[in-house]
Amino acid sequence: MSPAKAPHRRGATAVLLLPFLAFFTLVYLVPIGYAAYQSLFRTQRSGLGLAPPTTVFSGIDNYLKVLSDSAFLTGVGRVLLSGAVQVPLMLGFALLLALLLDSGAARFAKFFRLAYFLPYAIPGVIAAILWSFQYVKGISPLLDGLAALGIDAPLLKPGWVLASIGNIVTWSWTGYNMLVLYTALRAIPKELYQAAQLDGCGDLRIAWHIKIPLVRPALIMTGVFSIIGTLQLFNEPSVLKPVAAGSIDTGYTPSMLAYQAAFGANDYNIAATIAVVLALTTAVLSFTFLKLSQRGTTS
């Protein structure tokens with residue numbers, strides 16, 4: 001490219017990027033910046049509450065209050081525990097399904113691909129309502145079947161409800177992750193499989209030594225998405241809360257605590273602070289996961 005054309009090309013690139021940058025700023029940067037701004041203030045009421053409240057600058061007081069709140073810390077620990085167990089299980093299951101669909105022995109692959117993906121098309125609230133009928137004693141055929149086998153599974157009791165929520169999340173998102181991994185598998189050159197077969201490799205060795213290593217970037221991407229989704233857990237516990245009395249409270253997850261602060265206590269500054277802390281925690285965990293998962297691949 002001649003030097004005379006370089007400025008013209010840079011101008012065209014800037015014009016093409018402008019809609020994305022404007023949309024990104026409006027949808028992502030402005031809300032985050034406004035939440036960070038609101039987190040530095042608090043609403044102050046005086047007298048008997050007859051005078052209108054005033055908003056005063058509070059510095060980092062809201063952050064100190066949130067970070068010392070046992071309900072917030074318990075909620076963060078709860079979603080992290082859930083993610084540590086549920087995310088590996090979900091991604092492992094999604095990878096297994098993708099490998100089965102990509103194998104030469106797969107039959108009716110299009111049908112099963114659609115069937116596995118279908119739960120993702122169901123909104124999270126509807127999925128939680130559907131599964132809640134499976135968790136309530138007296139109306140659940142699942143619990144009735146387990147009771148007939150002599151198994152008592154109180155799926156909405158405190159010791160079980162987190163696993164019940166994880167089951168709904170796994171059911172909803174396994175198909176989506178499977179489709180991402182399956183697409184990555186289909187992009188692998190077939191010549192690699194043919195060369196491995198000439199060397200005497202069977203399907204299992206091809207899957208272990210070729211397919212899984214080559215879809216590792218897709219696995220990492222789905223892992224990051226799953227970490228982000230885990231920390232934002234809201235729909236499933238909120239829907240199950242009315243039928244799981246005593247097991248799920250208004251601060252069961254950080255997102256539920258922020259919702260309660262904003263629309264239950266009308267404390268929008270604390271809600272904004274929780275949102276900012278949650279966003280920072282998500283960013284740190286995602287970055288740490290990326291660095292750990294890429295260790296050994298760049299050397």
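The values are calculated or read from the model by the stated rules, or taken from the named source; none is laboratory data. The model shown is predicted, which means the values in this text are computed figures rather than measured ones. Every residue, glycine as well, gets a Cβ built from its backbone with ideal geometry; the counts of neighbours run over all protein chains shown. Areas reflect the complete protein model, heavy atoms only, side chains present, ligands, DNA and RNA absent. Shrake-Rupley method; radii C 1.70, N 1.55, O 1.52, S 1.80 Å.
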Would you kindly state how much longer the chain becomes between Leu18 and Ile60 on full extension, computed as 0.36 nm times their sequence separation minus their alpha carbon distance, in nm to one decimal?
-> 11.6 nm
Mind giving me the FRET efficiency for Phe133 and Leu81? R0 is 22 Å, r the Cβ-Cβ distance, nearest 0.05 is fine.
-> 0.25
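Could the peptides 231-237, 193-199, 88-94, 66-72 be put in order, highest first, of the mean number of other beta-carbon atoms found within 10 Å of their residues?
Packing order, densest peptide first, comes out as 231-237, 88-94, 66-72, 193-199.
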Lysine pairs in the chain with alpha-carbon atoms under 29 Å apart, 8 or more places apart or on different chains: how many are there?
-> 8
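Starting with the highest mean, order 114-124, 22-32, 256-266 by the number of other Cβ atoms within 10 Å, averaged over the residues of each peptide.
256-266, 114-124, 22-32
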Report, to the nearest whole %, how much of the accessible area of segment 199-299 belongs to carbon and sulfur atoms, 1.4 Å probe, protein only.
-> 63
Could you compute the FRET efficiency for Leu280 and Ala163, with r as their C-beta to C-beta distance and R0 at 25 Å, rounded to 0.05?
-> 0.35
Compute the Cα gyration tensor for the chain, then decide on rounded, prolate or oblate, letting a ≥ b ≥ c be the square roots of its eigenvalues: rounded whenever a/c is under 1.5, prolate when a/b is larger than b/c in the other cases, and oblate in all that remain.
-> oblate
Residue-span extension gain [Tyr34 to Cys201] - 0.36 nm each, minus C-alpha spacing | 54.4 nm
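How large is the dipole of segment 34-151 about the Cα centre if only Lys and Arg carry +1 and Asp and Glu carry -1, each at its Cβ, rounded to the nearest 20 debye?
140
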Cα centroid of segment 58-114 to Cα centroid of segment 156-188, whole Å = 7
Chain lengthening between Arg9 and Ile126 when straightened (0.36 nm per residue, less Cα-Cα) | 37.3 nm
Leu89 paired with Phe287, simple spin-label distance in nm, labels 7 Å along Cα-to-beta-carbon = 3.1
Apply the Karplus parameterisation 6.51 cos²θ - 1.76 cosθ + 1.60, with θ equal to phi minus 60°, to every residue of segment 176-182 and state each ³J(HN,Hα) to the nearest whole Hz, in sequence, with x for glycine and proline.
-> 4, 5, 4, 5, 4, 5, 5
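Would you mind counting up the charge near Gly264? Only other residues with Cβ under 14 Å from its Cβ, with Lys and Arg at +1 and Asp and Glu at -1.
Working: positive: Lys241; negative: Asp249, Asp267.
The answer is -1.
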Rounded to the nearest 500, what is the chain's calculated 222 nm mean residue ellipticity when only DSSP H runs of at least 4 contribute -39500 (n - 2.57) each, over all residues?
-> -21000 deg cm²/dmol
Name the residue farthest towards the positive end of the dipole of segment 1-130 from the options Leu73, Ala84, Ala12, assuming +1 on Cβ of Lys and Arg, -1 on Cβ of Asp and Glu, about the Cα centre.
-> Ala12
Might you report the magnitude of the Cβ-based charge dipole of segment 85-176 about its Cα centre, with Lys and Arg at +1 and Asp and Glu at -1, to the nearest 20 debye?
-> 160
Counting only heavy atoms of protein chains, what accessible area per residue, in Å², does the chain have with a probe of 1.4 Å?
-> 61
Cα gyration tensor shape of segment 217-275, rounded if a/c is under 1.5, else prolate or oblate by comparing a/b with b/c | oblate
On the formula 1/(1 + (r/R0)^6), with r taken between the Cβ atoms of Gln194 and Phe108 and R0 of 30 Å, the FRET efficiency rounded to 0.05 is 0.75
By the scheme Lys and Arg +1, Asp and Glu -1, what is the net charge of all other residues having a beta-carbon under 14 Å from that of Leu181?
-> +3
